[in-house]
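The values are calculated or read from the model by the stated rules, or taken from the named source; none is laboratory data. Bear in mind that the values here come from a model prediction, so they are computed numbers and not experimental data. Because the Cβ atoms are built from the backbone with ideal geometry, glycine has one as well, and the counts that use them run over all protein chains shown. Surface accessibility is based on the protein's heavy atoms, side chains included, excluding ligands, DNA and RNA. Shrake-Rupley method; radii C 1.70, N 1.55, O 1.52, S 1.80 Å.
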Amino acid sequence: QVQLVESGGGLVQPGGSLRLSCAASGSSFSTYDMGWYRQALGKQRELVAVITNSGNTNYADAVKGRFTISRDNAKNTVALQMNTLKPEDTAVYYCKAHRIAPISWASQDYWGQGTQVTVSS
């Protein structure tokens, strides 16, 4: 079982920056792929960025070059540095942990409760 708690959201002006953090409880954090997703009002949840358990990263086209995902396995945290924010980045941002469990091969997915990011002047 993994519990995820996001922090760092808030109100920022266009062009500004925010850093989101996700703290994970439980063991085996380093075995999980970690991702950030977002859901804007009236829209479906979408992938923003992912970092695998081996440190490989991938980004949605809309955030490439502006957002950076990173992880600290010693602290059981994953962060999302968001620069040059735009009004269209406004959404609730969620942290997700994913892995295929050893032995059972079952997919294990855990979500945080989300943190609001609002980009507005």
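Some observations on this one:
- Taken over the range 106-121, the criterion of being within 13 Å of the chain's Cα centre (by Cα), surrounded by 15 or more Cβ atoms within 10 Å (Cβ to Cβ) and of a type in the set (S, T, N, Q) is satisfied by 115 alone.
- Among the conditions (1) open to solvent by less than 50 Å² (accessible area, probe 1.4 Å); (2) assigned to a loop (DSSP other than H, G, I, E, B), the only one that residue 1 does not satisfy is (1).
- Any chance residue 78 is assigned to a loop (DSSP other than H, G, I, E, B) and under 13 Å from the mean Cα position of the chain (by Cα): no
- Complete set of residues in the range 17-39 that are assigned to a loop (DSSP other than H, G, I, E, B), among the small types (Gly, Ala, Ser) and surrounded by 14 or more Cβ atoms within 10 Å (Cβ to Cβ): 28
- With respect to the conditions (1) of a type in the set (A, V, I, L, M); (2) open to solvent by 50 Å² or more (accessible area, probe 1.4 Å); (3) at pLDDT 95 or above, residue 103 falls short on a single one, namely (3).
- Taking the criterion of being hydroxyl-bearing (Ser, Thr, Tyr) and under 14 Å from residue 4 (Cα atoms), the residues of the range 64-121 that qualify are 77, 93, 94, 110, 115.
- Residue in the range 42-82 that is farthest from residue 22 (Cα to Cα), counting only those that are open to solvent by less than 60 Å² (accessible area, probe 1.4 Å) and polar (S, T, N, Q): 52
- Odd one out for residue 97 among (1) among the small types (Gly, Ala, Ser); (2) touching a residue at least 60 places away in the same chain (Cβ under 8 Å); (3) open to solvent by 10 Å² or more (accessible area, probe 1.4 Å): (3)
- The range 56-75, subset over 14 Å from the mean Cα position of the chain (by Cα) and of a type in the set (Gly, Ala, Ser), residue farthest from residue 109 (Cα to Cα): 65
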